[in-house]
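Quick notes on the structure that follows.
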Amino acid sequence: MMPPEQRQQITAMYHHHDLAPGLALAVALGAGIEPAKGFKKLQSTGLVERWQVPLYLPSRYLDARVPIERFFGLTGQGQEVVVVGRYAGNMRTKWGAGRWGGKRSPQAQGALLDEEGMQLRFSVFGDARTLQKTLEESEGPIALAGTLTQVGAHVYLNNPTLLDQSLIGAVVPHYPGKARVLSLAMARRVMAALLPSTIPLCAAELRARARAFVSDGQLRRLLGRPEGTLEDLLVRAHFPSSPDVGERAQWHLERLSALITVGDLRAAKQCPVAVRKPLALSPWQDLASRAPFVLTHEQARAVDRLTERFGGTEASSTLINADVGMGKSIVYQMAVASAVRSAARAAVLLPNERLAVQAHQEICRLFPEFDAALVTGKTNDRAMTNARWLVGTTALLFRDIGHLDVCVIDEQHRFSVEQRRALVKDGTHVVEISATPIPRTQAMLLYGKLDVLRLTERHSPQDIRTQIVHRNGTSDMVEHLRSLLNAGARVLIVCPRREEGEDDEGPDLPSVARVAHKWSTMFPGLVRALHGASGEADVHQAFEDMATGAARILVATTVVEVGLNIANLRGVVIVHAERFGLSQLHQLRGRLAREGGEGHCYLYLPRAVGLDADVRLQALVDTNDGFVLAEHDMRIRGIGDVSDAGARQHGSAGSLLMNRQVGMSTVMEIMEMLGDED
């Protein structure tokens, strides 16, 4: 029963009688859950503060208002239903052979009986012992939720789950869980326990953010909701009177999320710029002769613009954007060398030690007089005391390195917002480097305060061709790669996981070891394997063998995503490409033909993928332009948190809605509506 004080709180808070059943259901479902422990479980999903709990939205709704109690005439069309009946006592488990020689998988079958003795079969894939035990111990009707599927003349309830009798007659929210931390059933109970107390907190936070730049009347118009409070809206999103009402409430919340994102973007434009003492830079052109190639006009202009900013009275924020192999590094190296020569202090942050060592070696080779210091976890603090140019890993974040005039963040998509800011103080010039800007950065480029230097001219012309290959195209792909290998080229094969049993995907998802073994049978002695746990000696030997020709095929995880170069690499195969992000795929493709010429990228799909993955992969086929891909990624995934405290790189706009994407079309519509009112 609902405690009196909670009933009073709810009565005072909500003004629509149709919300009462949902709130009563929340109290019933959340009974026995200690709020503090429940919130701790939810934090595993990415929640940070209690006011965010109502923004962990249901991923779908189960309509249990009118359960099926008579089974005659049922047809299966893939619809999710709730059925009620008596257990027939005939549950049996069969073991089928696993795919690819893997473990055998269980399939249990049984049936429910309605009041007239009509039977409805159900089928459970996987371990069904808990379900069977519950069914055998039941004495009354059983409620199961599942999907009706028809096979010939027979209708089955596929993969049913037990439904508590108290949920019959309600619209039941389903929340994503967290493997081994938060089950689906527990997620629903925890959310139910926390929602009555956190909905007022969330509504107050959202109301304050929106009121910072729109009136209540404007807010109602922009949300397309002329009446009701934000508290009411949040209740309907979690415990609606019908699935349609729930979906409509989530649609309103999408618009609210987009509205707050637009507000954050507007605020970003108005942020004050830090004032600093200008650097007295001398011309940099005499340094250009040290470059390993003649700088393009575009690269030279980019160095000019960076040095102009370094010599200004305002701290600058710049993104150098270009595809891999276009000379981003030489641009920042020339500009930073000019600044360091003029007594500035600079640091370059890279995502791992191998890249840091490589960058440090390049800088020392080009500018030995500056005695740049390498900073890793092994570096002695005394080694960087007097250094004016630091090059290092995230070890830089945990050392007292003092003030920086210039901070370069290479491969910016590999760092969180907090990490990128840790080295930056007021007055520091920030230069971020990326072949594919993260969506958050893309939004700031379009609507915010970040400036961009874009390089489009290659000093070594490339012809990179990308294609999607399904299982039936495997033979043609292998034969083409064989021809490349026979011509002396190198091939990279990227796998989604390091070892067998690394996750719950079963044997269908190939590991580095399995793929390396398969290719070794076709090309004996020419294959080497690498992954994130490979030792430095193994990495060095593998790349040495690839360089000398002792090996020609490297099978690896995404350890080769950035920075590690393979000479004469002409073919890249990305196995299960649907499992990689657009930025990762673009970076992996960027390993091809670094010295110029032709390269072939195969997005290998051993099994069918969904429409979303197909659209994403096709975008990679259609363009080699990282900037275009970033905009595509942003429109699919949303902008991300563009507020001054933003921690997320992508996802739901404004980082408000935890389980629901906010499309760019919604953000743009809100921007246009606000523009009409300005």
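The values are calculated or read from the model by the stated rules, or taken from the named source; none is laboratory data. Quick caveat, the model's predicted, so the values are computed rather than measured. Here the Cβ positions follow ideal geometry from the backbone for every residue, glycine too, while neighbour counts run over all protein chains shown.
List of remarks:
- Of everything in the stretch 531-558 that is surrounded by 14 or more Cβ atoms within 10 Å (Cβ to Cβ) and more than 21 Å from G488 (Cβ to Cβ), the residue that is modelled with the lowest pLDDT is S534.
- Yes/no for G76 being surrounded by 11 or more Cβ atoms within 10 Å (Cβ to Cβ), of a type outside the set (A, V, I, L, M), at pLDDT below 90 and within 25 Å of R189 (Cβ to Cβ): no
Rundown of residues vs (1) under 18 Å from A280 (Cα atoms); (2) in contact (Cβ under 8 Å) with a residue 24 or more places away in the chain, yes/no style:
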{"site": "R301", "(1), (2)": "no, no"}
{"site": "G312", "(1), (2)": "yes, yes"}
{"site": "L319", "(1), (2)": "no, yes"}
{"site": "S329", "(1), (2)": "no, yes"}
{"site": "V336", "(1), (2)": "yes, yes"}
{"site": "A339", "(1), (2)": "yes, yes"}
{"site": "A346", "(1), (2)": "yes, yes"}
{"site": "L355", "(1), (2)": "no, yes"}
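- Considering (1) at pLDDT 85 or above; (2) of a type in the set (A, V, I, L, M); (3) surrounded by 20 or more Cβ atoms within 10 Å (Cβ to Cβ), the lone condition that I438 does not fulfil carries the number (1).
- In the stretch 268-288, the residues that are assigned to a helix (DSSP H, G or I) and either without any contact (Cβ under 8 Å) to a residue 40 or more places away in the chain or loosely packed, with under 15 Cβ neighbours inside 10 Å (or both): K269, Q270, Q285, D286, A288
- Residue in the stretch 405-414 that is part of a helix (DSSP H, G or I), in contact (Cβ under 8 Å) with a residue 40 or more places away in the chain, among the acidic types (D, E) and within 29 Å of E595 (Cα to Cα) present: no
- From the options E669, E598, residue that is at pLDDT 70 or above, touching an Asp or Glu at 6+ places or on another chain (Cβ under 7 Å) and surrounded by fewer than 16 Cβ atoms within 10 Å (Cβ to Cβ): E598
- Helices (runs of 4 or more DSSP H) lying entirely in the stretch 156-250 (those with 3 or more residues that are closer than 30 Å to L120 by Cα and of a type in the set (A, V, I, L, M)): 184-211
- Taken over the stretch 59-99, the criterion of being touching a Leu at 6+ places or on another chain (Cβ under 9 Å), in a loop (DSSP other than H, G, I, E, B), of a type in the set (A, V, I, L, M) and farther than 14 Å from M118 by Cβ is satisfied by A64, M91.
- Answer residue from the stretch 22-41, given it is surrounded by 16 or more Cβ atoms within 10 Å (Cβ to Cβ) and not in a helix (DSSP H, G or I) and is modelled with the lowest pLDDT among those: G30
- When L233, L265 are checked against the criterion of being closer than 13 Å to L55 by Cβ, surrounded by fewer than 23 Cβ atoms within 10 Å (Cβ to Cβ) and outside the structural domain of L450 (by TED's automatic domain parsing), L233 stands alone in meeting it.
- Any chance G651 is at pLDDT 80 or above and outside any helix (DSSP H, G or I): no
- Some residue of the stretch 583-601 being among the hydroxyl-bearing types (S, T, Y) and either under 18 Å from V469 (Cβ atoms) or in contact with a Pro (Cβ under 6 Å, 6 or more places away or on another chain) (or both): no
- Residues located in the stretch 327-386, provided they are at positive phi and modelled with pLDDT of 90 or more: A343, D371
- Only residues that are aliphatic (A, V, I, L, M), touching a residue at least 40 places away in the same chain (Cβ under 8 Å) and surrounded by fewer than 18 Cβ atoms within 10 Å (Cβ to Cβ) were counted in the stretch 167-213, giving 7.
- Residues of the stretch 289-337 that are within 27 Å of the chain's Cα centre (by Cα) and of a type in the set (S, T, Y): S317, T318, S329.
- In the stretch 513-557, the residues that are among the hydroxyl-bearing types (S, T, Y), under 15 Å from V478 (Cβ atoms) and over 34 Å from the mean Cα position of the chain (by Cα): T521
- Taking the stretch 559-590 as the range and being modelled with pLDDT of 90 or more and part of a loop (DSSP other than H, G, I, E, B) as the test, the residues that pass are N568, H576.
- Single condition R220 does not satisfy, out of (1) under 23 Å from L25 (Cα atoms); (2) surrounded by fewer than 16 Cβ atoms within 10 Å (Cβ to Cβ); (3) not small (G, A, S): (1)
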